Amino acid sequence: MHRVTERVSEPSNGDLYTLEASLANKSLRELTDGADKDPITKLRLLCLSRGATGILGLGRAFRAMDDDGSKALNEEEFISGIHDIGLNVTDDEIKQMFNTFDEDGSGSINMTEFLLKLRPPMSQSRISIIEQAFNKMDKNGDGVITLVDLKNVYSVKEHPKYQSGDLTEDEILTDFLHNFEGGRGNLDGKITREEFINYYATISASIDNDMYFDLMMRRAYVM
């Protein structure tokens with residue numbers, strides 16, 4: 001891990017990959033243990049089995065359909081969003097999930113409230129440290145992390161591929177952003193507060209100890 005005073009450290013991808021793999025394997029075991037699960041739990045496990053960007057990817061798929069900016073999804077959009085990220089679930093199961101989320105029977109669900117229910121629960125202390133990290137990255141305070149923000153807090157000078165000339169500063173910073181965007185489309189180089197929290201909510205689900213999670217975040221973002 002590369003450390004620069006007052007700048008973000010390069011995340012320890014090995015540690016994150018280990019945590020993700022552990023969480024994915026645990027989620028797959030829970031999905032196939034034969035126990036009955038409510039629709040929210042099943043969909044959460046399906047997303048977690050895809051790693052840290054599972055829930056984030058679903059949110060992005062839904063937002064891509066929200067042409068009018070209403071943040072509301074009907075059943076057809078909900079089914080399409082689930083299929084878009086390739087979750088292994090039938091249309092009948094998706095419809096059952098939709099009906100569970102559509103608590104008032106209006107035929108639509110609020111995207112933000114849905115994602116809040118879907119992401120793994122976190123203590124307030126964990127949410128707070130994630131918020132602090134996001135605020136440090138979001139230098140201009142517009143609620144979105146971009147290349148411009150990163151150039152103020154993330155130094156690439158110690159990055160091996162920058163030193164070798166294989167990658168430019170912008171390419172390295174873009175790769176950093178893509179860590180939070182997942183590997184399936186919508187790689188726009190912009191990370192919202194919601195996406196940042198959803199990403200670390202998944203990482204959080206694989207860490208039992210609050211102090212360890214706090215230490216991991218403080219080391220990565222030099223706080």
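Using a cut-off of 19 Å between Cα atoms, the listed pairs 71/136; 117/139; 95/117; 26/190; 136/190 include 71/136; 117/139; 26/190 as exceeding that distance.
Stretched out straight at 0.36 nm per residue, the stretch from residue 29 to residue 70 would grow longer than its current Cα-Cα span by 11.1 nm. Taking the Cα centre of segment 15-118 as reference, the dipole from Cβ charges on Lys and Arg (+1) and Asp and Glu (-1) amounts to some 500 debye. Tell me, what % of the accessible area of the chain is carbon and sulfur with a 1.4 angstrom probe? Taking all protein chains in place, the chain shows 46 percent carbon and sulfur surface.
Where only protein heavy atoms count, and the probe is 1.4 Å, what is the accessible area per residue for the chain in Å²? Display every interim value, and only then the final one.
Details: 11320 Å² over 223 residues.
Each residue of the chain exposes 51 Å² on average to a 1.4 Å probe.
Kirkwood's formula applied to the C-alpha pairs of the chain gives a hydrodynamic radius of 18.5 angstrom. Loop-resident GluC sites (Glu not before Pro) (DSSP state other than H, G, I, E or B) in segment 69-175 with no more than 15 further Cβ atoms inside 10 Å of their Cβ: 103, 158.
I need the trypsin sites (Lys or Arg not before Pro) found in segment 149-223, filtered to DSSP loop residues with at most 14 other beta carbons within 10 Å of theirs.
Here the sparse-neighbourhood loop sites are 157, 184.
The convex hull around the C-alpha trace of segment 15-118, projected and averaged over every direction, spans 6.7 square nanometres.
The values are calculated or read from the model by the stated rules, or taken from the named source; none is laboratory data. In this text, all values refer to a predicted model and were calculated from it rather than measured experimentally. Cβ coordinates were reconstructed from backbone atoms using ideal geometry, including for glycine residues, and neighbour counts include every protein chain displayed. For accessibility, only protein heavy atoms count, side chains too; no ligands or nucleic acids. Shrake-Rupley method; radii C 1.70, N 1.55, O 1.52, S 1.80 Å.
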